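Peer 1: Let me give you the structure first, and then I'll get to my questions.
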Amino acid sequence: MVDRKARIIDGLAVAHSLRTDIRRRVADLQSSRGIMPGLAVVLVGDDPASAVYVRNKIRACAEAGIRSFEYRRPASIDTATLVALIEDLNANPEIHGVLVQLPLPKHIEMRKVLESISVEKDVDGFHLYNVGGLVVGNTIFSPCTPYGVTKLLEHENIPVAGQNIVIVGASNIVGKPMALMLMQRDATVAVCHAKTRDLAQFTILADILIVAAGKPNLILPQMVKTGAVVVDVGINRLPDGRITGDVDFEGVAQKASFITPVPGGVGPMTVTMLLENTVAAAERVA
Ligand code: NAP
């Protein structure tokens with residue numbers, strides 16, 4: 001048996017406890033205000049991975065008592081028609097959150113589509129208003145994956161103020177919003193990406209290391225400070241079908257104080273924060 005030093009952060013358990021609270025809030029909204037939170041999910045094209053994500057989101061909604069409305073459109077749809085659909089959803093009082101599953105086909109103007117979602121229904125947090133709000137600290141909805149990471153850290157009572165936090169990955173949906181959210185919480189943040197020279201010279205300084213690059217085994221034990229908290233956002237499918245993160249889990253768990261597994265770490269939190277944002281949207285209306 002491997003002698004692991006790190007405490008494993010059980011994302012499934014944290015997600016389960018948050019979802020119990022979400023179900024209670026949904027029941028309260030129904031009994032006190034007659035409001036049933038509703039989420040519209042728009043899926044364009046037939047990308048199999050996107051279809052799986054959408055199916056999971058719809059199932060999670062059903063389990064939480066949130067009504068979901070699925071809108072499937074062919075890959076040939078044009079930007080204007082998609083925007084018109086979103087404008088209908090914005091005006092529909094039964095729908096409190098609107099989510100457009102990414103990626104969209106290349107010919108569609110993604111920014112135009114995301115900007116057409118009403119800010120009050122932007123439960124993915126990708127509208128420029130919500131993205132800009134991350135800079136000044138008054139976002140209505142935070143993007144689900146980084147939001148889920150902050151909840152995991154909170155749940156484990158891991159302080160972030162004054163900590164050196166290194167984020168590996170600078171995407172618009174994970175790395176950059178993650179950095180802004182942690183800066184709001186007074187962390188000292190460095191963001192690394194594919195062009196970073198000598199990644200290890202940054203990662204070794206991290207009290208908290210958050211990895212979202214999509215590269216299996218990118219983070220090896222010698223790149224991690226003893227006692228660091230390591231959060232692995234990566235999801236990679238290996239040739240043998242197994243799912244793995246970006247961190248050498250067994251090796252790094254010998255040095256870290258906390259570590260998230262893949263699967264069962266950040267993943268379950270992402271959908272949970274989508275449910276949280278949808279209920280919060282309905283509560284705002286109430
Ligand atoms: P993405 O858009 O492909 O961005 C990857 C980022 O990692 C980019 O900033 C890239 O740098 C950087 N990067 C790539 N290789 C690197 C390397 N060798 N060293 C340092 N940085 C490197 O991916 P994403 O959408 O942010 O997702 C990242 C990973 O998280 C994927 O595995 C994805 O499946 C997973 N994910 C998980 C969840 C969840 O719920 N757990 C949610 C979303 C994403 P450049 O900017 O220089 O290209």
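The values are calculated or read from the model by the stated rules, or taken from the named source; none is laboratory data. Here the structure is a predicted model, which is why all the values come from computation and not from measurement. Here the Cβ positions follow ideal geometry from the backbone for every residue, glycine too, while neighbour counts run over all protein chains shown. The protein model used for the area step is the full one, side chains on, heavy atoms only, and it has no ligands, DNA or RNA in it. Shrake-Rupley method; radii C 1.70, N 1.55, O 1.52, S 1.80 Å.
Peer 1: Round to a whole angstrom and tell me the spacing of the C-alpha centers of region 2-79 and region 230-279.
Peer 2: Region 2-79 and region 230-279 have Cα centres separated by 18 Å.
Peer 1: Another question, if that's okay. Per-residue ellipticity at 222 nm for the chain, helices alone: DSSP H runs ≥ 4 residues times -39500 (n - 2.57), over residue total, nearest 500 deg cm²/dmol?
Peer 2: When only DSSP H runs of four or more count, the value is -12000 deg cm²/dmol.
Peer 1: Turning to a different aspect of this structure: Computing the accessible area with a 1.4 Å probe over protein heavy atoms, can you report the carbon and sulfur percentage for the chain?
Peer 2: Exposed carbon and sulfur together represent 56 percent of the surface.
Peer 1: Let me ask another. So which residue, out of Ala253, Ala194, Ala40, gets the largest mean-square fluctuation from a GNM of the chain using Cα contacts under 10 Å as springs?
Peer 2: Result for the chain, Cα springs under 10 Å: Ala194 fluctuates most.
Peer 1: Compute, for the chain, the length of the dipole vector about the Cα centre, with Cβ point charges of +1 (Lys, Arg) and -1 (Asp, Glu) only. Units Debye, rounded to 20.
Peer 2: 240
Peer 1: Helix 267-285 sits at what angle to the longest principal axis of the chain, using alpha carbons and giving 0 to 90 degrees rounded to 10?
Peer 2: 40
Peer 1: Here's a follow-up. For the chain, give the share of DSSP beta bridges that are antiparallel, in percent and rounded to the nearest 5; count only bridges with both residues there.
Peer 2: The antiparallel fraction comes to roughly 5 percent.
Peer 1: If R0 is 30 Å, what FRET efficiency do you get for Asp198 and Lys5 from their C-beta distance, rounded to 0.05?
Peer 2: 0.70
Peer 1: Over region 35-118, what is the relative contact order in percent, taking alpha-carbon pairs closer than 8 angstrom and at least six residues apart?
Peer 2: 43
Peer 1: Using the Cα centre of region 21-148 as the reference point, and only Cβ charges (+1 on K/R, -1 on D/E), how large is the resulting charge dipole? Debye, rounded to the nearest 20.
Peer 2: 320
Peer 1: Which residue fluctuates the most in the chain, going by a Gaussian network model with Cα springs under 10 Å, if the choices are Lys106, Lys121, Lys225?
Peer 2: Looking only at Lys106, Lys121, Lys225, the largest GNM fluctuation is found for Lys106.
Peer 1: Quote the relative contact order of region 143-267 in percent (integer), defining contacts as alpha-carbon pairs under 8 Å separated by 6+ residues.
Peer 2: The normalised contact order for region 143-267 reaches 22 percent.
Peer 1: Can I ask one more? Taking amide H positions as placed in the peptide plane 1.01 Å from N, state which residues far from Ala40 in sequence (5 or more) or on other chains have amide H under 5 Å from it.
Peer 2: Under 5 Å from the amide H of Ala40 lie the amide H atoms of Phe69, His96, Gly97, Val98, Leu99, each far enough along the sequence or on another chain.
Peer 1: Given Cβ point charges of +1 (Lys, Arg) and -1 (Asp, Glu) and nothing else, what value in debye, to the nearest 20, does the dipole of region 130-286 about its Cα centre take?
Peer 2: Charge dipole, region 130-286, about its Cα centre: 340 debye, nearest 20.
Peer 1: With springs only between Cα atoms under 10 Å, which of Ser32, Ser171, Ser257 fluctuates most in a Gaussian network model of the chain?
Peer 2: Its mean-square fluctuation being the largest, the pick is Ser32.
Peer 1: Just want the answer: with Cβ charges of +1 for Lys and Arg and -1 for Asp and Glu, which residue in Phe69, Ser142, Leu128 is farthest toward the dipole's positive end in region 1-151?
Peer 2: Ranked along the dipole, the leading option is Ser142.
Peer 1: Rank Gly267, Pro221, Gly38 by how far each Cα sits towards the positive end of the charge dipole of the chain (+1 on Lys, Arg Cβ; -1 on Asp, Glu Cβ) and give me just the farthest.
Peer 2: So the residue we want is Pro221.
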